[in-house]
1. So, with +1 on the Cβ of K and R and -1 on the Cβ of D and E, and no other charges, what is the size of the charge dipole of the chain about its Cα centre, to the nearest 20 debye?
2. Using the charge dipole of the chain (Lys, Arg: +1 at Cβ; Asp, Glu: -1 at Cβ; taken about the Cα centre), state which of A79, A64, L97 has its Cα farthest towards the positive end.
3. Of the heavy-atom accessible surface of the chain (probe 1.4 angstrom), what whole percent is carbon and sulfur?
4. Can you compute the modelled spin-label distance between K24 and A74, with each label point 7 Å from Cα toward Cβ, in nm?
5. Where Lys and Arg each count +1 and Asp and Glu each count -1, what net charge lies around T38 among other residues with Cβ under 14 Å from its Cβ?
6. Which length gain, in nm to one decimal place, applies between L62 and N15 when the Cα-Cα distance is subtracted from 0.36 nm times their residue separation?
7. Binned at 5 Å from 0, what are the whole-percent values of the Cα-Cα distance distribution for the chain, short to long?
8. If the cut-off is 23 Å between C-alpha atoms, which lysines fall inside it for K11, apart from same-chain ones fewer than 8 positions away?
Amino acid sequence: RVKSDFENSSKSLKNKDVEVAQIKAALAGLEAKEALRTQQHLNEVETMRQGQSDLEIQLHDLRANYSSAHSSLAVVMDAKERLSKENIELNNVCEELMSIVEGQANK
């Protein structure tokens with residue numbers, strides 16, 4: 001009977017050892033999956049940060065281009081205004097000259 005109890009206890013202990021080994025293997029598998037998910041998440045975060053950095057660079061470039069275009073437009077508008085005034089003055093001079101020429105032709 002003692003021998004039988006010992007064998008049963010021994011079998012029970014072996015079964016427990018097998019259960020512990022299975023649980024450890026399952027835990028190791030879960031830890032590996034979690035580590036992989038963590039690495040994937042970190043990779044996604046890094047990709048997003050790089051994308052954000054690229055977008056910030058593009059935004060900076062666009063703002064610089066906008067500022068440059070705005071300045072160029074201001075220069076063009078000033079030149080247009082100046083040329084428009086000069087055109088009016090030249091038209092007035094031409095009209096005066098034409099009236100002088102016509103006045104001399106009528107004499």
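The values are calculated or read from the model by the stated rules, or taken from the named source; none is laboratory data. Just so it is clear, the structure is predicted and the values come from calculations on it, not from any experiment. Please note: Cβ atoms are built from the backbone with ideal geometry, for glycine as well, and neighbour counts cover all protein chains shown. Just the protein is used for accessible areas: all its heavy atoms, side chains included, with ligands, DNA and RNA removed. Shrake-Rupley method; radii C 1.70, N 1.55, O 1.52, S 1.80 Å.
1. 1260 debye
2. A64
3. After summing per-atom areas, the C and S share lands at 59 percent.
4. 7.5 nm
5. -2
6. 10.0 nm
7. P(r) over the chain, rounded to whole percents: 2, 9, 6, 6, 5, 6, 5, 4, 5, 4, 5, 4, 4, 4, 3, 3, 3, 3, 3, 2, 2, 2, 2, 2, 1, 1, 1, 1, 1, 0, 0, 0.
8. K3, K24
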